[in-house]
1. With r as the distance between the Cβ atoms of ASP174 and LYS65 and R0 = 35 Å, compute the FRET efficiency 1/(1 + (r/R0)^6) and round to 0.05.
2. Express as a percent, rounded to the nearest 5, the fraction of DSSP beta bridges in the chain (both residues included) that run antiparallel.
3. Could you grab the relative contact order for region 74-231? Cα pairs under 8 Å, six or more apart, rounded to a whole percent.
4. Give me the percent relative contact order of region 1-150, please, defined on Cα pairs under 8 angstrom at least 6 residues apart.
5. Which of the aspartates and glutamates could a cross-linker bridge to LYS2, judged by Cα under 16 Å and excluding same-chain residues fewer than eight apart?
Amino acid sequence: MKKFYVKNISTSAKIEGEEFEHLNKVLRCKVGEIIKCLSADGNEYISRIEKIENDFAEIKVLEVKKCDGDPKISITVFMGLPKKEKFEFLIQKLSELGVSNLIPFESSYTIAKPKEKKQDRYNKIAIEACKQCGRTKPLKIEECINFKTLLSKISEYQKCYFAYENSKNGNFDDVVGCNKVAIIVGAEGGFSNDEAQKLLDAGVKAVTLGNRILRCETAPLFSVSIINYLTNN
């Protein structure tokens with residue numbers, strides 16, 4: 001069933017903007033067609049297209065169902081800001097894996113620099129990934145922060161981990177029973193010794209991701225997959 005992201009849906013709604021362009025010009029939907037609408041509220045709205053005009057379509061909700069695709073726990077990934085194509089790849093894949101928040105940060109070894117006016121593009125990628133993977137609540141992508149601000153946010157989580165190549169036996173086993181966790185992954189160059197020590201001093205748990213060094217875009221996917229397995233997320 002074709003899926004569309006619609007704000008402020010109740011018993012009926014209008015599909016406008018880019019979602020309407022996709023409905024009308026790409027998918028060429030017709031009046032009377034049954035579609036599925038998502039609205040970031042945990043529900044799926046099985047709907048019928050009632051009218052198609054030049055710049056909007058009207059729908060009528062036929063059935064409301066709870067979505068099973070939304071994550072059961074809140075996972076935040078703090079990501080050392082990677083290059084554009086890697087960051088956009090991560091938005092897609094972390095959406096599929098059920099991550100709730102993605103927060104890029106600058107540190108000693110980040111190479112990429114924050115780009116202004118990219119938030120709309122990132123949100124669009126998140127919504128498309130949301131529709132593809134069957135969740136209703138899109139991944140929230142926040143503005144890039146510095147390392148000091150990252151440290152100030154650690155206390156907001158029940159458990160906070162960082163992938164560290166010098167950790168030999170740290171794991172995620174104590175995540176079971178938590179409903180708000182965070183994972184910190186460094187940029188291409190990882191963490192400086194000073195940054196690693198500051199994370200440890202702040203109570204962040206260093207974890208190993210195995211005997212091989214993973215790329216910066218692989219490490220968060222691997223980490224989230226382990227947490228999903230352990231928590232049935």
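All of the numbers you see were taken from the coordinates with simple rules; none came from a lab. Note that the coordinates shown come from a computational prediction; the quantities given were computed from them, not determined experimentally. Glycine also receives a Cβ, built like all others from the backbone with ideal geometry; neighbour counts cover every protein chain displayed.
1. 0.50
2. Taking every DSSP beta bridge within the chain, about 45 percent pair in antiparallel fashion.
3. After rounding, I find 31 percent.
4. For region 1-150, the relative contact order is 22 percent.
5. Output for LYS2: GLU16, GLU18, GLU19, GLU21, GLU33, GLU44, GLU50, GLU58, GLU63, GLU128.
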